[in-house]
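Heads up, the thing below is written out as structure tokens.
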There are 4 protein chains.
Amino acid sequence: MKLRILVTGGTFDKEYDELTGSLYFRDTHLGEMLRLGRSKLELEVETVFMMDSLEMDDSHRATILAACLRSPEARLVITHGTDTIVETAAVLARGLAETGKTAVLTGAMVPFAFGSSDGLFNIGSALSFVQVLDPGVYVAMNGRCFGWDNVRKNRELGVFEEVG
Amino acid sequence: MKLRILVTGGTFDKEYDELTGSLYFRDTHLGEMLRLGRSKLELEVETVFMMDSLEMDDSHRATILAACLRSPEARLVITHGTDTIVETAAVLARGLAETGKTAVLTGAMVPFAFGSSDGLFNIGSALSFVQVLDPGVYVAMNGRCFGWDNVRKNRELGVFEEVG
Amino acid sequence: MKLRILVTGGTFDKEYDELTGSLYFRDTHLGEMLRLGRSKLELEVETVFMMDSLEMDDSHRATILAACLRSPEARLVITHGTDTIVETAAVLARGLAETGKTAVLTGAMVPFAFGSSDGLFNIGSALSFVQVLDPGVYVAMNGRCFGWDNVRKNRELGVFEEVG
Amino acid sequence: MKLRILVTGGTFDKEYDELTGSLYFRDTHLGEMLRLGRSKLELEVETVFMMDSLEMDDSHRATILAACLRSPEARLVITHGTDTIVETAAVLARGLAETGKTAVLTGAMVPFAFGSSDGLFNIGSALSFVQVLDPGVYVAMNGRCFGWDNVRKNRELGVFEEVG
């Protein structure tokens, strides 16, 4: 079973610019994370773009959906900023219906480059869920897996929870 | 859904003793790993014992099985040294048959305390597989999940692979 | 020989706020850094304040100088943001002349909390220079020690260099 | 002022072999440590050998001394296992007398590769002491600098202290 990881940026991949003291994107850390995790999964890593999910609009989500649709692999993990991960999940759910594809979106609360990241845990989790779940769109965060239409980010606590 | 993690030691939890320059066990790092991973799973962490899996004998495996049998939770993750994880999986498979329990064993190639561990990735993976797999005994390593009777450790490469 | 460390903030002590995605100050990491470094120096750590050195004005520098003057220890290390560390050094040089005190200012380009910090290296360096240098005011960065009136930050390269 | 670092191994540079679960030497981490520390010192790094200092005998110490003697730089930092660092310091003190050279030996209690190392702190310290101390042989550990004939390792506490 071959998988595909679509990288879209988010906290996952933020870095610290020591000249300006600000956070920015450079290259994705997914490759290094998979190496640290000793992943032996057969998979492709594709960078769609690298952006803060607060800056995404409909056209960006259409680009992510297009990348899912043209993927030859039926099982997809999408790394994404947590702030609008639920909005993107809804777009993918509509666009991927009837395609038989399983898409699991995941993110991070702390940049991988800052050492104490939840990113390594989350990518291990998302890559596992995507191998066994039925076709559909899901959000994997906090060790849990939510259906795309039953999840929200609790911004006060920084955790994901069911809507209902 | 409530889970239980049974800790048995292994590379996962090895530490460096700076007075002697050797590796040893102290307390498990599972709690810190779950905190770093921002896990919000409902789960119990139970330390069965802390040992190198090369030193386990039948009585140790019987103790692990007993802990599985008396667990009120039907979904179990077991952290274990990788050298004999497959032997323990076989013992659990026989002992847990017909109990309806799902047990996922996982380990690490590098101690969590040494920074670049695969442990965080593997625990994220094992906790995800255990939530969705049918009753049975599995080994989760390298991002993959193997049935207990179709896995071996390739000691030259340090990776897990199918037997067949 | 007893030393004193005066903490004033700077990149050294910045943290990542995972709820807002921004950088902020909480408590100083000096204690943890001294523990990691296995420092057995007799010293006091005093937090003067925690701020970005770009926001310091004359009154803040007067507060740092006052802390130096009232210190019973004659050898002082001051952690400071790198952007205006040279300005503060000049204020201290004038105010500490004839007091017989040795003050070494140091900073960091990367927050300690982000893992790959230069802070541990710099604090080891500053604490060493301060023990052996004659009275005066110095800036210790990049493994080097500069007199207060012969140093500037090269903002393009992010390194300190002589003026002359 | 140009410096030279002589690498001889020790805990500083130990690595974890994930196939055997044991500690071993590969390449020195000095270059990476200097990069992390943003060192801008003019220096040469020379690997004399990589060994556990418990295994050193007189011939190994003669080799280190020879490297010191032929060094064109008068200021030398020597990384060394802590167990016999004092013995080597004594050999160097005799051999370097009247040469005008300043040699500072330093080590680590925790391998750099294990993340929470004292190595970065100690190398920052040793590189600073060596720039300002008079000719002679010293041991820099725990933020302190000891004359070669007034230091011992307290093996119970894992710290260095004066003999007297």
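Report, as an integer, the average count of C-beta atoms from other chains found within 10 Å of each Cβ along A:100-109.
1
Specify which residue in the list B:127, B:67, B:139 is farthest towards the positive end of the charge dipole of chain B, using unit charges on the beta carbon of Lys, Arg (+1) and Asp, Glu (-1), about the Cα centre.
Most positive-ward Cα: B:127.
Could you list which residues have their amide H under 5 Å from that of residue A:160, counting only those 5 or more apart in sequence or on another chain, with H placed in the peptide plane?
Amide H to amide H, under 5 Å and 5 or more residues apart or across chains, residue A:160 pairs with A:154.
Find every distance from the label point of residue B:90 to the corresponding label point in the other copies (7 Å from Cα along Cα→Cβ) and write them in nm, one decimal, shortest first.
5.3, 5.6, 7.7
With every protein chain kept in place and ligands, DNA and RNA left out, what is the accessible area per residue of segment A:10-164? Probe 1.4 Å, answer in Å².
So segment A:10-164 comes to 39 Å² accessible per residue, rounded to a whole number.
Using only Cα atoms, find the angle between the long axis of helix D:119-132 and the longest principal axis of chain D, and express it within 0 to 90 degrees, rounded to the nearest 10.
Taking the Cα atoms of chain D, the angle to D:119-132 is about 10 degrees.
Using the crude model of +1 on Lys and Arg Cβ and -1 on Asp and Glu Cβ, and no other charge, please compute the dipole size for chain C relative to its Cα centre, in debye to 20.
Here chain C has a charge dipole of around 560 debye.
Binning at 20 angstrom from zero up to the longest distance, how are the C-alpha pair distances of the protein assembly as shown distributed in percent?
P(r) over the protein assembly as shown, rounded to whole percents: 18, 43, 32, 7, 0.
Arranged from highest to lowest average of other beta-carbon atoms within 10 Å per residue, in what order do the peptides A:37-50, D:54-67, C:29-42, A:8-21 appear?
Going from most to least packed, we get A:8-21, C:29-42, A:37-50, D:54-67.
What ratio of Cα Rg to 2.2 N^0.38 Å holds for segment A:97-164?
This ratio for segment A:97-164 stands at 1.15.
For residue A:2, place a label point 7 Å out from Cα along the Cα→Cβ vector, do the same in each other copy, and report the separations in nm, one decimal, smallest first.
Ordered by distance, the counterparts are at 4.4, 5.4, 7.0 nm.
When the helix-only estimate is applied to chain A (DSSP H runs of n ≥ 4, each -39,500 (n - 2.57), divided by the residue count), what is the mean residue ellipticity at 222 nm, nearest 500 deg cm²/dmol?
-8500 deg cm²/dmol
Copy-to-copy spacing for residue C:149, label 7 Å out on the Cα-to-C-beta vector, in nm, shortest first?
Counterpart label points of residue C:149 in the remaining copies fall at 4.1, 7.6, 8.6 nm.
To the nearest Å, what is the center-to-center distance of segment C:73-127 and segment A:125-164, using C-alpha atoms only?
Between the Cα centres of segment C:73-127 and segment A:125-164 lies a distance of 46 Å.
To the nearest 20 debye, what is the magnitude of the charge dipole of segment B:58-138 about its Cα centre, counting +1 on the Cβ of each Lys and Arg and -1 on the Cβ of each Asp and Glu?
The calculated dipole for segment B:58-138 is roughly 180 debye.
Using every pair of alpha-carbon atoms in segment A:1-153, split the distances into 5 Å bins beginning at 0 and state the percent of pairs per bin, rounded to integers.
2, 10, 21, 25, 22, 13, 5, 2, 1, 0
Under the definition of Cα pairs under 8 Å and six or more residues apart, what whole-number percent is the relative contact order of segment D:1-93?
Relative contact order here is 45 percent.
Rounded to whole Å, how close does chain C get to the rotation axis onto A by Cβ? Give me the residue too, please?
Output: C:115, 2.
Nearest 100 Å² is fine: what is the total accessible surface buried where chains C and D meet, probe 1.4 Å?
2300 Å²
Among the GluC sites (Glu not before Pro) within segment D:130-164, which fall in a DSSP loop and have no more than 14 other Cβ atoms within 10 Å of their own Cβ?
Loop-located and lightly packed - D:156, D:162.
Can you list, largest first and rounded to whole Å, the semi-axes you get for segment B:20-93 by taking the square root of 5 times each eigenvalue of its Cα gyration tensor?
With the √(5λ) rule applied to segment B:20-93, the semi-axes are 21, 20, 10 Å.
Once you average over the residues of B:28-41, how many Cβ atoms of partner chains fall within 10 Å of each Cβ?
Mean shielding count: 4.
Using amide H atoms built 1.01 Å from N in the peptide plane, name the residues 5+ places from residue C:78, or on other chains, whose amide H lies under 5 Å from its own.
For residue C:78, the qualifying residues are C:6, C:104, C:105, C:106.
Using only alpha carbon pairs under 8 Å that are at least six residues apart, calculate the relative contact order of chain B and give it in whole percent.
24 percent
Is there a quick way to get the dipole size of the protein assembly as shown? I mean about its Cα centre, with the Cβ of Lys and Arg at +1 and of Asp and Glu at -1; what is the value in debye to the nearest 20?
0 debye
Let a ≥ b ≥ c be the square roots of the eigenvalues of the Cα gyration tensor of segment B:1-63; is it rounded (a/c under 1.5), or, if not, prolate (a/b larger than b/c) or oblate?
Oblate, since a/c reaches 1.5 and b/c is not below a/b.
When you look at the Cβ of every residue in B:10-17, what mean number of other chain Cβ atoms sits within 10 Å?
Average neighbour count from other chains, rounded to a whole number: 3.
The values are calculated or read from the model by the stated rules, or taken from the named source; none is laboratory data. Since we're looking at a predicted model, the values are computed, not measured. Quick reminder, even Gly has a Cβ in these numbers, built from the backbone with ideal geometry, and neighbours come from all protein chains shown. Heads up: the accessible areas ignore ligands, DNA and RNA and are worked out on the full protein's heavy atoms, side chains in. Shrake-Rupley method; radii C 1.70, N 1.55, O 1.52, S 1.80 Å.
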